[in-house]
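First up is the structure itself, then whatever we jot down about it.
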Amino acid sequence: IKKIYSQKQTHAQALEILLCFCRKISGFDESQLQKASAYEAMLEAAKHGIVEFIIEMTRVSPDLLWVVDEDLRGIFSHAILCRREKIFNYIFQLKGSRQLVTSHIDAFDNNMLHLAGMLAPSSELDRRPGAALQMQRELQWFKAVESIVPRKCKEALNIDGKKPRELFSQNHEDLRKEGEKWAKETASSFTIVGTLIITIMFSAAFTVPGGSDQNTGTPFYLNHMIFTVFIISDAMSLCASSTSVLMFLGILTSRYAEEDFLNVLPTKLLIGLSTLFFSVVTMMISFCAALSIVVQVELHIVTVAIVFASIPVIIFVPLHLPLFAEIFNSTFRPEILNRKMN
């Protein structure tokens with residue numbers, strides 16, 4: 001609580017200083033703004049994603065919105081290069097000037113879509129676990145910029161004679177290969193776990209706890225509730241682990257084209273992780289049910305077994321839940337795609 005309070009206090013103080021600075025430069029001409037380093041400050045704010053600074057500064061001096069550096073790159077160009085979604089979303093508030101902003105070209109004939117095709121800074125890429133999710137984020141960013149630029153920008157050539165999509169493929173080839181390697185290693189590891197569960201559950205289905213009648217083969221506890229729990233949980237675990245293995249095999253046999261990283265691979269990984277977790281849970285339920293049948297008179301043994309059986313589930317959740325949440329959010333709730341053109 002103290003740390004959060006300190007951060008809020010620092011933010012409030014910084015905002016107050018910003019407002020004082022904005023009042024001070026109100027009415028400054030171009031030379032005075034340059035002397036006050038306002039232009040450099042706007043570009044730095046864009047690089048670091050400080051949208052509050054840009055909003056307040058452009059309120060007192062709207063011309064600051066069009067500041068450019070020596071490469072003719074403005075605040076929105078740097079926002080796209082550095083993957084700053086808050087600055088990018090500010091474009092949607094520019095009603096009359098949106099077309100002019102999205103058509104801007106720098107000193108190298110790069111339009112905004114060319115800039116989106118360049119590789120993000122390593123500090124931004126490292127925010128996502130795994131090269132596959134990093135590649136997904138880059139594709140989402142490229143498509144978000146593509147949705148707002150004029151159609152002519154998609155086929156425009158830069159100074160090197162490259163279209164935006166060609167530039168994207170060239171700059172992201174190494175990341176695509178790393179994403180392929182990460183996805184295959186992850187899928188291989190989970191496939192081994194899923195295969196082990198399939199083997200165990202398949203064997204357990206034909207090893208009836210409590211024994212069976214030698215003449216008819218009917219289990220002695222067939223009509224007991226606990227036996228029903230055992231059979232159902234065993235079948236559910238077997239089906240879930242089989243589905244999980246099939247999903248991970250689908251990842252291993254994927255063609256790993258750029259577009260696959262956008263939805264296909266993350267969705268398969270989500271389904272595989274979900275079904276694998278479900279199979280682990282139902283496997284533990286099946287184990288506890290079988291143990292209850294075998295030693296039903298020793299309740300304290302069953303209780304201890306249930307406690308220890310919950311340990312794998314408790315360990316599995318914190319280990320893989322962050323990865324699951326990251327994949328889910330980046331696939332179905334990407335921040336950069338939350339805005340739509342009016």
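Readers should treat all values here as calculations from the given coordinates under stated rules, not as data from a laboratory. These numbers come from a predicted model, not from an experiment. Virtual Cβ from ideal backbone geometry, glycine too; neighbours counted across all protein chains shown.
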query = Say the dipole of the chain comes from +1 at the beta carbon of Lys and Arg and -1 at that of Asp and Glu; which of H320, T58, S242 then lies farthest toward its positive end?
reply = T58
key: Alpha-carbon centroids, the stretch 14-46 and the stretch 248-262: separation in whole Å   = 48 Å
request  = Mind checking the full-extension length gain between A12 and L100? Use 0.36 nm per residue of separation minus the Cα-Cα distance, one decimal, nm.
outcome  = 28.3 nm
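Greater than 25 Å separation of Cα atoms is the criterion. Which listed pairs, K2/K47; K143/K163; K143/K268; K152/K268, meet it? Write down the numbers at each step before the final one.
Working: K2/K47 29 Å; K143/K163 14 Å; K143/K268 21 Å; K152/K268 35 Å.
Over 25 Å apart, Cα to Cα: K2/K47; K152/K268.
Would you mind calculating the gained length between H224 and F332 on full extension (0.36 nm times residue separation, minus the Cα-Cα distance), in nm to one decimal?
Numbers: separation 108, 0.36 × 108 = 38.88 nm, distance 4.37 nm.
The span from H224 to F332 would gain 34.5 nm if fully extended.
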task = Would you mind getting the Kirkwood hydrodynamic radius of the stretch 1-153 from its Cα pairs, rounded to one decimal in Å?
result = 16.8 Å
ask   = Hey, rough spin-label estimate for R255 and R151, points 7 angstrom out along Cα→Cβ, what's it come to in nanometres?
value = 2.7 nm
ask   = In whole Å, what three semi-axes, largest first, describe the equivalent ellipsoid of the chain built from its Cα gyration tensor (square root of 5 times each eigenvalue)?
value = 58, 25, 14
